[in-house]
1. Here's a check for you: in the stretch 151-167, which residue that is more than 12 Å from the ligand (Cβ to nearest atom) and of a type in the set (Val, Ile, Thr) is farthest from residue 43 (Cα to Cα)?
2. Given the residues 204, 200, 176, 161, which is the only one that is without any contact (Cβ under 8 Å) to a residue 24 or more places away in the chain, under 27 Å from residue 73 (Cα atoms) and in the same structural domain as residue 234 (by TED's automatic domain parsing)?
3. Name the single residue, out of those in the stretch 261-287 being more than 15 Å from the ligand (Cβ to nearest atom) and surrounded by 22 or more Cβ atoms within 10 Å (Cβ to Cβ), that is nearest to the chain's Cα centre (by Cα).
4. For the stretch 16-114, which fully contained strands (runs of 3 or more DSSP E) count at least 3 residues that are in contact with a His (Cβ under 7 Å, 6 or more places away or on another chain)?
5. Hey, among the residues in the stretch 132-156 that are of a type in the set (Phe, Trp, Tyr) and either farther than 26 Å from residue 296 by Cα or modelled with pLDDT of 95 or more (or both), which one's most open to solvent (accessible area, probe 1.4 Å)?
6. May I ask you to list the residues in the stretch 173-205 that are of a type in the set (Gly, Ala, Ser), open to solvent by 10 Å² or more (accessible area, probe 1.4 Å) and farther than 23 Å from residue 71 by Cβ?
7. Residue 170 versus (1) among the small types (Gly, Ala, Ser); (2) within 12 Å of the ligand (Cβ to nearest atom); (3) part of a helix (DSSP H, G or I); (4) open to solvent by 10 Å² or more (accessible area, probe 1.4 Å): which is the lone unmet condition?
Amino acid sequence: MSASPSEQQPDSPMLETAFFEGRFVPFAEAKISVGTHAVQYGTGAFAGIRGYLDADGETINIFRLPEHCKRLLNSAKLLRARLPFTRETLAETIVELVERNAPRGDVYIRPFVYKSSIQLTPRLKGLDDELAIYMLALGDYLDTRGVTAAVSSWVRVPDQAIPGRGKLSGSYVNAALAKDEAEEKGVDEAILLDSHGHVAEGSACNLFLVRDGVLTTTPITGDILEGITRRTVIEFARDAGVAVAEREIDRSELYLAEEAFFCGTGVQVAPISTIDGRPIGEGIPGPVTAEISRIFYDTVRGRHDGYRHLLTPVRRTVAVPAD
Ligand code: PMP
């Protein structure tokens, strides 16, 4: 049984206002039926977007908002969802939600596209689609000073089963199985292999290794989510003159890597200290990981002039109640 509302209250990180089926409403009113198709069959798609308090203490910097909107609409396309939103109007709605909530610190924004019909057949076509968005206060999700990892016995869901390049709700059962197994082994995060035995990604993050000085990661055809942080890390590395390779990675290469780190909206940049109990490199973070982390955290706080274009700044004003 879940906690009663009063038990949840004291440290609830939820922000007051949500967007739900076309209107701004109090978060508590953003509710769907237990019979909803997406609840029963996982026929939803979501985004996870971070907003960071700028070094000025006033502005919330939404990180790569246009890219998140594009990927969410692509995920919706995989679900054959029809929505009255373009990338631009979706981004405007998210900005308005942030303005209305006027957060005082870092936030996580969770848009959710879902098959809203109450319908018994697991199909995609001919069902109603809706959009909801809520947001919460969020700090670090994994310890950004260093995490432990283990290769999972669960295989990353292949594109021929459920397309993992989109953030489709149903495929997160795969992530959850791997995450539980990792935690029950006493490590922080799982590394999933694909169905051919190559390294795919973490349960909710992409993975980079450094081998012979080359920053190496699985290609987007390797059954991974097309991570926005992953793409950003590649851009940062190339701009900094670090060689980058997108190629298949064998499991045993994990053990030989000079450096390894996870990246993603939630985990940000998280150096890996051990994989399957084997220490990675010579202490963390290694030099490439440290450089990428520095650029990443400077960028999101608005301290890197060269990467300001990756941010959508929202000036904090006074919270506006729901409609
Ligand atoms: N892989 C999976 C399975 C994820 O859930 C996430 C988190 N969205 C990532 C990778 C990282 O993607 P992004 O950088 O776009 O957050």
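1. 151
2. Working: 204 fails: without any contact (Cβ under 8 Å) to a residue 24 or more places away in the chain; 200 fails: without any contact (Cβ under 8 Å) to a residue 24 or more places away in the chain; 176 fails: without any contact (Cβ under 8 Å) to a residue 24 or more places away in the chain.
Every option except 161 fails the conditions.
3. We begin by selecting, within the stretch 261-287, every residue more than 15 Å from the ligand (Cβ to nearest atom); these are 271, 273-287.
Checking the rest, the ones that are also surrounded by 22 or more Cβ atoms within 10 Å (Cβ to Cβ) come to 271, 275, 280, 285.
Values: 271: 17, 275: 22, 280: 24, 285: 22 Å.
Applying the filter and picking the extreme gives 271.
4. On the way: elements: 17-20, 23-26, 44-46, 49-53, 59-63.
Here the list is empty.
5. Here is the first cut: in the stretch 132-156, the residues of a type in the set (Phe, Trp, Tyr) are 134, 141, 154.
Filter once more, so that each one left must be either farther than 26 Å from residue 296 by Cα or modelled with pLDDT of 95 or more (or both): 134, 154.
Details: 134: 71, 154: 104 Å².
Here the answer is 154.
6. Selection gives 186, 195, 197.
7. Checking residue 170 against (1) among the small types (Gly, Ala, Ser); (2) within 12 Å of the ligand (Cβ to nearest atom); (3) part of a helix (DSSP H, G or I); (4) open to solvent by 10 Å² or more (accessible area, probe 1.4 Å), the one that fails is (2).
Okay, residues lined up against (1) charged (D, E, K, R); (2) open to solvent by less than 70 Å² (accessible area, probe 1.4 Å):
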position: 19; (1), (2): no, yes
position: 22; (1), (2): no, yes
position: 26; (1), (2): no, yes
position: 30; (1), (2): no, yes
position: 39; (1), (2): no, no
position: 44; (1), (2): no, yes
position: 54; (1), (2): yes, yes
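The values are calculated or read from the model by the stated rules, or taken from the named source; none is laboratory data. As the structure is a prediction and not an experimental result, all values here were calculated from the model. Note that we place each Cβ from the backbone using ideal geometry, even for glycine, and neighbour counts take in every protein chain shown. The protein model used for the area step is the full one, side chains on, heavy atoms only, and it has no ligands, DNA or RNA in it. Shrake-Rupley method; radii C 1.70, N 1.55, O 1.52, S 1.80 Å.
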